[in-house]
1. Residue farthest toward the positive end of the dipole of the range 10-254, with Cβ of Lys/Arg at +1 and Asp/Glu at -1: which of Gly225, Ala164, Ser21?
2. Over all Cα pairs of the range 10-254, how is the pair count split among 5 Å bins, expressed in % and running from 0 up to the last occupied bin?
3. Within straight cross-link reach of Lys76, meaning Cα distance under 14 Å, which aspartates and glutamates are found once same-chain residues fewer than 8 apart are removed?
4. Using a Förster distance of 51 Å, how high is the FRET efficiency between Lys34 and Ala169, based on the Cβ-Cβ distance and rounded to 0.05?
5. With a 1.4 Å probe and every protein chain left in place, tell me how much accessible area Phe86 has, in Å² to the nearest 10.
6. Please name which of Gln39, Met7, Val186 has its Cα lying farthest along the dipole of the chain towards the positive end, using unit charges on Cβ (Lys, Arg +1; Asp, Glu -1) and the Cα centre as origin.
7. For the residue pair Asp203 and Tyr112, what label-to-label distance in nm results when each label sits 7 Å from Cα along the Cα-to-beta-carbon direction?
8. Could you order Tyr128, Tyr14 so the one with the most accessible surface comes first? Probe is 1.4 Å.
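The values are calculated or read from the model by the stated rules, or taken from the named source; none is laboratory data. Keep in mind that what you see is a predicted model, and the values were worked out from it rather than measured. Every residue, glycine among them, receives a Cβ derived from its backbone with ideal geometry; neighbour counts consider all protein chains shown. Each accessible area value is taken on the protein alone, full model and side chains, heavy atoms only, with ligands, DNA and RNA left out. Shrake-Rupley method; radii C 1.70, N 1.55, O 1.52, S 1.80 Å.
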Amino acid sequence: MTRLVFMVGRVEKYLLEGIKSEGSIHVTLIDPEKVTPPQASRVAGKAKVSGTSAIMIGGSTFVSGAHLDDVVKAVKHTVKIPVILFPNNVTGISRFADAIWFMSLLNSVDPYFLIGAQVLGAPLVKKYHLEPLSLGYIIVGEGGTAGVVGRAVPVPYNKPELAAAHALAGQYLGMRFIYLEGGSGVKRPVPPEMIRAVKHYIDVPLVVGGGIKTRAQALATASAGADMIVTGNVVENTEVSQKVSEIVEGIKHGRT
Ligand code: 1GP
């Protein structure tokens, strides 16, 4: 018998409900390469109290499986909000998370990042009972480390219609979320014109991240139509509670 594979999982439902009730939601990204498990747990705890809706765990380069497991376990121990893996490769999978962005880098020139890593990772996702969240990942602008590692041809910021075409292709291929990635730590976040153009084309939720550091940038990103806003770097070097509160506040004002 064929089982229904398009059911909405627990984490997807949670994200969709959050977007529906709040307009757009904030997600905190923790790079496991840069933290110890206690530090990750501290960041997650403070981010949660300050209004973040979920924790993403992943980085652009290498992390040992054992360390990733310890970081995920520490975060899970501290917060009850979903922990979603954000893998750059098969090594980014941990059995202790709730869900995984099951993503294809739509503008990579390397088939490995389009479908190769996914083929290797899929059986592990099933074995570990991780909820797969199907995601079309598009690297834009400067692209940062993710652009280099993923062998992407980043969509220039002044070509919003090209980003929109990538996003729509992802949706038509069945992806349930689209992510516009400006690159972690980049100087200029994804511009509102590009977010607006993509949002205008697609019906699935739009995730935006890369270089968002201020309330004003968060507000501009939300008001342009981002449904989920991801920040990572900003919590690494500053006071987590204050910074996340400021960004969450900006997001709220952007959608009202
Ligand atoms: C990177 O989009 C995320 O994958 C977040 O970027 O670290 O610059 O916030 P930042």
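1. Checked the options; the winner is Ser21.
2. 1, 7, 15, 20, 22, 19, 11, 4, 0
3. Once the sequence-local aspartates and glutamates are set aside, what remains near Lys76 is Asp98.
4. Taking R0 as 51 Å, the efficiency between Lys34 and Ala169 is 0.95.
5. That residue has around 20 Å² of solvent-accessible surface.
6. Farthest along the dipole direction, towards plus: Met7.
7. 3.7 nm
8. Sorted descending by solvent-accessible area, the residues read Tyr14, Tyr128.
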